[in-house]
């Protein structure tokens, strides 16, 4: 399936799910505008990526208007057909341990919620005219950690993802009259570079399919939610975890 002429804005594009999502949409002919705290890599395989990339740490929420302005300049008054809020951070204790509610100080809470929760709604509001012009789809990437205590994901990360799931429902209600659909995906254990030690035990103990998910499988679901086939899907949160939540 191809959708030439459509445009996506994606945060957190440099690795894992974000990287797979860029490749999936690019293969379908979409123009992809990316926002990431990392510079554009010469190893990224998609055409036009460097000039369509904005390097910005989303934890610095005061600079977010710069990213919105940069996206609008690149769109040049054109429509935006999808916004995927994928960027997220999950700080760990020294040695990689889980940060509990007793360990997490205010600065960490603030940084995590800026990236994981506030950036998605501020980006959507800042680009709302372009999104409305494109009858767009917004996809927020939540997590299985947003609905259950996870052995590796910290408290700030988990609660920010739970808040993002709730925000998705609110946005679905508020943006739908503008012709914009808002949904979420909640990945479980996906085979990326940021997996924690001990994930193999979770796979064998908790996942009925007895394997990790692939970034490409997550990207395919994101693409579906942005396609005409999902035109009546609004306010949903799709779990992509091999049955880990059951």
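Seen against the Cα atoms of the chain and their longest principal axis, helix 155-175 is set at about 30 degrees.
Starting from the Cα-Cα distance between residue 201 and residue 92, subtract it from 0.36 nm times their residue separation and give me the gain in nm to one decimal.
On the way: separation 109, 0.36 × 109 = 39.24 nm, distance 1.93 nm.
Here the answer is 37.3 nm.
Any chance you could run the full-extension gain for residue 245 through residue 210? It's 0.36 nm times the residue separation minus the Cα-Cα distance, nm to one decimal. Show your work: numbers first, answer last.
Working: separation 35, 0.36 × 35 = 12.60 nm, distance 1.33 nm.
Contour length minus the Cα-Cα distance gives 11.3 nm.
With contacts taken as Cα pairs under 8 Å at a separation of at least 6 residues, the range 7-240 carries a relative contact order of 21 percent. Residue order for 111, 161, fewest other beta carbons within 10 angstrom first, comes to 111, 161. Computed from the alpha carbon atoms alone, the convex hull of the range 70-210 holds 132 Å³ per residue. Using a 10 angstrom cutoff on alpha carbons, build the Gaussian network for the chain and name the most mobile of 160, 14, 147. The residue with the greatest mean-square fluctuation here is 147. What would the Debye equation give as log₁₀ I(q)/I(0) for the chain at q = 0.11 Å⁻¹, counting only Cα atoms as equal point scatterers? Reported log10 I(q)/I(0), two decimals: -0.54.
May I ask you to sort 56, 8, 123 by Cβ crowding, counting other Cβ atoms within 10 Å and putting the fewest first?
Exposure proxy ranking, most exposed first: 56, 123, 8.
Please list log₁₀ I(q)/I(0) at q = 0.19 Å⁻¹ for the range 143-225, using the Debye equation with identical point scatterers on the alpha-carbon positions. The calculated log intensity ratios at q = 0.19 Å⁻¹ are -0.95.
No value in this document is a laboratory result; all are computed from the given coordinates. A quick note: this is a predicted structure, and the numbers were derived from the prediction, not measured. With ideal geometry, Cβ positions are generated from the backbone for all residues, glycine too; neighbour counts draw on all protein chains shown.
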